[in-house]
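Heads up, the thing below is written out as structure tokens.
The values are calculated or read from the model by the stated rules, or taken from the named source; none is laboratory data. Note that the coordinates shown come from a computational prediction; the quantities given were computed from them, not determined experimentally. Here Cβ is always computed from backbone atoms with ideal geometry, including for glycine, and neighbour counts include all displayed protein chains.
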Amino acid sequence: MPTVGVRYFGRLRELLSIKREEYEVEDGAVLADLLLRYIPGRHEEASKTWNETIFRTVKGEIILSGDGMPLLRNYLVMMDGKSIDLNHRLKDGDEVTVLPPFGGG
């Protein structure tokens, strides 16, 4: 089973009370699985807020795109400094970074 690291920033770091953690995921798991199942499953007390913070929702239900992938709010999910698709297949040693929306002016 692949082991994947996840780093959190901003509101998500506060919500989960952790900067970085590792997950063992099933072979064939994709990034959407990590965000939808593994992270909320480990942080059950924060799972509802996690979903409503990172994903676009309507009445508590996550909105899916035409290909069945959840739609992110303005969060940026990166690997190796590059934005990645939610259907990216996770492999051992991947390091995922979840960044909050940036403001500026």
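Here is how the numbers come out for the structure above:
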quantity	calculated
Unique residue being outside any loop (DSSP other than H, G, I, E, B) and either out of contact with any strand residue (DSSP E or B) (no Cβ under 7 Å at 6 or more places or on another chain) or of a type in the set (Lys, Arg) (or both) when the list is Glu21, Glu14	Glu14
Residue check, Lys48 part of a loop (DSSP other than H, G, I, E, B) and among the basic types (Lys, Arg)	no
Selection status of Val25, touching a Phe, Trp or Tyr at 6+ places or on another chain (Cβ under 8 Å), surrounded by 13 or more Cβ atoms within 10 Å (Cβ to Cβ) and within 19 Å of Met1 (Cα to Cα)	yes
Contacts under 6 angstrom Cβ, first residue in the stretch 79-105 being surrounded by fewer than 15 Cβ atoms within 10 Å (Cβ to Cβ), partner at pLDDT 95 or above and among the aliphatic types (A, V, I, L, M), 6 or more apart	Asn87/Val30; Arg89/Val30
Selection from the stretch 14-58 of residues that are out of contact with any Pro (no Cβ under 6 Å at 6 or more places or on another chain) and of a type in the set (Ser, Thr, Tyr)	Ser17, Tyr23, Tyr38, Thr49, Thr53, Thr57
The stretch 29-76: number of residues that are within 20 Å of Ser17 (Cβ to Cβ) and either of a type in the set (S, T, N, Q) or in contact (Cβ under 8 Å) with a residue 24 or more places away in the chain (or both)	12
